[in-house]
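The values are calculated or read from the model by the stated rules, or taken from the named source; none is laboratory data. From a predicted model like this one, the values you see are computed outputs, not experimental measurements. Here the Cβ is made from the backbone with ideal geometry for all residues, glycine too, and neighbour counts use every protein chain on show. Remember, those area values only see protein heavy atoms, side chains included, never the ligands or the DNA or RNA. Shrake-Rupley method; radii C 1.70, N 1.55, O 1.52, S 1.80 Å.
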Amino acid sequence: MTRFPLVCNHIGGAYVSTASGERFQSRDPARGELLAEIETAGPDEVEAAVVAAEAGFKVWSRMTGAERARILRRTADILRARNAELAELETRDTGKPIQETSVVDVLSGADCLDYFAAIAATLTGEQVDLGPSAFGYVRREPLGVVAGIGAWNYPLQIACWKAAPALACGNAMVFKPAELTPLSAARLAEIFVEAGLPAGVFNVVQGDARTGRALVAHPRIRKVSLTGEVGTGKRVMADAAATLKHVTLELGGKSPILVFDDANLDNAVGGALLGNFYSAGEVCSNGTRVFVHRTVKAEFLARLKARVERMVVGDPLDPASHVGALISAEHMDKVLGYIEKGRAEGARLLTGGERVTCDGLDRGFFVAPTVFDGCQDGMAIVREEIFGPVMTVLEFDDEDEVVERANATEFGLAAGVFTRDLTRGHRVVAALEAGTCWINHYNVTPIELPFGGVKLSGLGRENSRAAVEHYTQAKSVYVALADVESPY
Ligand code: TXE
């Protein structure tokens, strides 16, 4: 019988076996095949990872920013050199099409490492004149040992989006990937070592919520950055209170796309496709509530249907496939359940709406890209995050109405606006309750811009200089240049 690789926890710069011997499996969601067995990190492994990170932190935080930058850049170079191999690994672990993972998942991680390498080399505090008898300065210091907890839709990108700013600012990290996609973060740990990262600066512990909770509870971990569902974010924040940890939370969403009557409809359709069917819809910032002005809705739907029905659902390792497998059978059932709910609530199915099992796809978890028209704001498929290839189309008459309806949600991750009237574009974006907005595009996330949500979609921001605030702390220093005047 083929022995599948055993993936251990990567602690202190090397793979180490767990004391408990507890294991879980990772399977290819397109074929159902076993990919690897993974050792679960228990309390002993979490403690060992924190001890290793503390040792790594001592070395890493004493290096200059320029020295840290060189290692982060070298890591980015190795990721790019191994893009094909790592993209295939990510496709096998997530079910996402190789035509996506080979251009986004690994390369965006490399870009993130390059960007924060530049920040590492230019990180400064400030000096404040306080008159002739004193001056002050503010040191920007690392927090120490921090934790990252990832979701399963962009495993390697999420690991890089958390590790790059943390390490650039001089911290050491213990990272836990989602249990459904454990493989690429382990490879990142190997590559960091190859790039010369000191032992213990980046550690990977494997496991489910139990391992995640052990990280959040650990008294010597100073901060947690989570990517996950809203419910998980609330639990992490509650647990973090016991040790007063900093938290940044990148959570779920049910974001709106607004298509005005003067929009370029080909672009609006393109944006809606990017915002609903990339990664088979498993993207937190997806614009799954598409509001279309009544006068252009028929034309919008005609062009949308034609382009959706040209999309290829297939083996994600086939470069021709646009839509791959969902992450698990349970998640596929959840998505199919929402499609049934949409039908039951009276939404009109425009295209898709079923599991795809032809041509050997029955071994995996494939759902056709699905569009519902005639949706009402109160429907479950309009209010709840489905996290699958299901787009809801709603119609509106005027700007004030659609802005109010778009904001009528507890989420606030992202939003898109399609119009040729840029005054209207900027006015509407200013009124939308969302952390990330696009005018005449969707789901493009350059590393230079902050990313994150408002309301229940999260706390804090990833990427851009904003991330430095979350991975450093300010120390004020007052320097007296004269004698102490004291009344005592
Ligand atoms: O999340 P889960 P998933 C969101 C996306 C969707 C979800 C899908 O919108 O809602 O993530 O990812 C660990 N204490 N985003 O299903 O179940 C768990 O082991 C500590 C938003 O993975 O919340 C996993 O590693 N850890 C995002 C991680 O938390 C706990 C982009 C997430 O698990 C825990 C991508 C606990 N109590 C997906 N419970 C964005 N906004 O950028 C679970 N975990």
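Laid out as a table, the results:
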{"quantity": "Residues of the stretch 264-279 satisfying the condition of being open to solvent by less than 10 Å² (accessible area, probe 1.4 Å) and more than 16 Å from the ligand (Cβ to nearest atom)", "calculated": "ALA268, VAL269, GLY271, ALA272"}
{"quantity": "Filtered residues of the stretch 213-248 (kept if open to solvent by 10 Å² or more (accessible area, probe 1.4 Å) and either within 8 Å of the ligand (Cβ to nearest atom) or of a type in the set (Ser, Thr, Tyr) (or both))", "calculated": "ARG213, THR227, GLY228, GLU229, VAL230, GLY231, THR232, ARG235, VAL236, ASP239, THR243"}
{"quantity": "Any chance ASP362 is more than 30 Å from ASP261 (Cα to Cα), within 16 Å of the ligand (Cβ to nearest atom) and open to solvent by 70 Å² or more (accessible area, probe 1.4 Å)", "calculated": "no"}
{"quantity": "Residue, farthest from the ligand (Cβ to nearest atom), within the stretch 462-479, restricted to residues that are open to solvent by 60 Å² or more (accessible area, probe 1.4 Å) and not in a helix (DSSP H, G or I)", "calculated": "TYR478"}
{"quantity": "Test result for VAL393, more than 16 Å from the ligand (Cβ to nearest atom), open to solvent by 20 Å² or more (accessible area, probe 1.4 Å) and either touching a strand residue (DSSP E or B) at 6+ places or on another chain (Cβ under 9 Å) or of a type in the set (Ser, Thr, Tyr) (or both)", "calculated": "no"}
{"quantity": "Cβ pairs under 9 Å, 6+ apart, first in the stretch 476-488 and closer than 12 Å to VAL128 by Cα, second among the aliphatic types (A, V, I, L, M) and open to solvent by less than 100 Å² (accessible area, probe 1.4 Å)", "calculated": "SER476/VAL128; SER476/VAL138; VAL477/VAL138; TYR478/LEU130; TYR478/ALA134; VAL479/LEU130; VAL479/ALA134"}
{"quantity": "Qualifying residues in the stretch 280-319 (those that are hydroxyl-bearing (Ser, Thr, Tyr) and open to solvent by less than 20 Å² (accessible area, probe 1.4 Å)) - the one nearest to ALA434 (Cα to Cα)", "calculated": "SER285"}
{"quantity": "Extreme residue, farthest from ALA147 (Cα to Cα), among residues of the stretch 192-214 that are part of a helix (DSSP H, G or I) and out of contact with any Lys or Arg (no Cβ under 6 Å at 6 or more places or on another chain)", "calculated": "GLU194"}
{"quantity": "Test: VAL193 is of a type in the set (Val, Ile, Thr), more than 19 Å from HIS246 (Cα to Cα) and either open to solvent by less than 10 Å² (accessible area, probe 1.4 Å) or more than 15 Å from the ligand (Cβ to nearest atom) (or both)", "calculated": "yes"}
{"quantity": "Tally of residues being away from the ligand (no atom under 13 Å from the Cβ) and either in a strand (DSSP E or B) or not small (Gly, Ala, Ser) (or both) across the stretch 411-461", "calculated": "27"}
{"quantity": "Boolean, GLU88 is among the charged types (D, E, K, R) and open to solvent by 10 Å² or more (accessible area, probe 1.4 Å)", "calculated": "yes"}
